[in-house]
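The values are calculated or read from the model by the stated rules, or taken from the named source; none is laboratory data. Because the structure is a prediction, the values reported are computed rather than measured. Ideal geometry is used to build each Cβ from the backbone, glycine not excepted, and the neighbour counts take in all protein chains shown. With ligands, DNA and RNA removed, areas are computed over all heavy atoms of the protein, side chains included. Shrake-Rupley method; radii C 1.70, N 1.55, O 1.52, S 1.80 Å.
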Amino acid sequence: QVQLVESGGGLVQAGGSLRLSCSLSGRTFSSYFVGWFRQAPGKEREFVAAITWSVSTFYADSVKGRFTISRDNAKNTMYLQMNSLKPEDTAVYYCAASGTYGSRTPEAAGRQRTYDYWGQGTQVTGSS
């Protein structure tokens, strides 16, 4: 099992920045992908970014150039640096980890079914 806990959400004016953190525990070595998804009010959950243990990164088109995903193995923590926030970034952000036998293709990085483990979510609000 892998346990994930998000933190760092908050209310920020448009153009501002936040850094989300995801604390990882359990059998984290079994997860090829760890990443972030978000769900805005009235919308479906969508992929944001992912990172592999070889430090390959993947981003949704909507956040490329603004968000940066990273990890710190010493702290067992994954981060999402969110810059130039927009009102449309408002959502609950969830961190997630893939399962032991999940696909490792680039396409799999953005598929929800790749991920077996999910955090509880943290609210991010980009005010206009």
Odd one out for SER70, checked against (1) in a strand (DSSP E or B); (2) farther than 28 Å from ALA14 by Cβ: (2)
Hits in region 8-26 (condition: among the small types (Gly, Ala, Ser), assigned to a strand (DSSP E or B) and more than 11 Å from the chain's Cα centre (by Cα)): GLY10, SER23, SER25, GLY26
Number of positions in region 27-54 that are open to solvent by less than 50 Å² (accessible area, probe 1.4 Å), more than 12 Å from the chain's Cα centre (by Cα) and of a type outside the set (Ser, Thr, Tyr): 1
Counted residues, region 69-87 - those being at pLDDT below 95 and open to solvent by 60 Å² or more (accessible area, probe 1.4 Å): 4
Some residue of region 105-112 being open to solvent by 50 Å² or more (accessible area, probe 1.4 Å) and either in contact with an Asp or Glu (Cβ under 8 Å, 6 or more places away or on another chain) or without any contact (Cβ under 8 Å) to a residue 40 or more places away in the chain (or both): yes
Any hit, region 39-50, residues being modelled with pLDDT of 95 or more and among the acidic types (Asp, Glu): yes
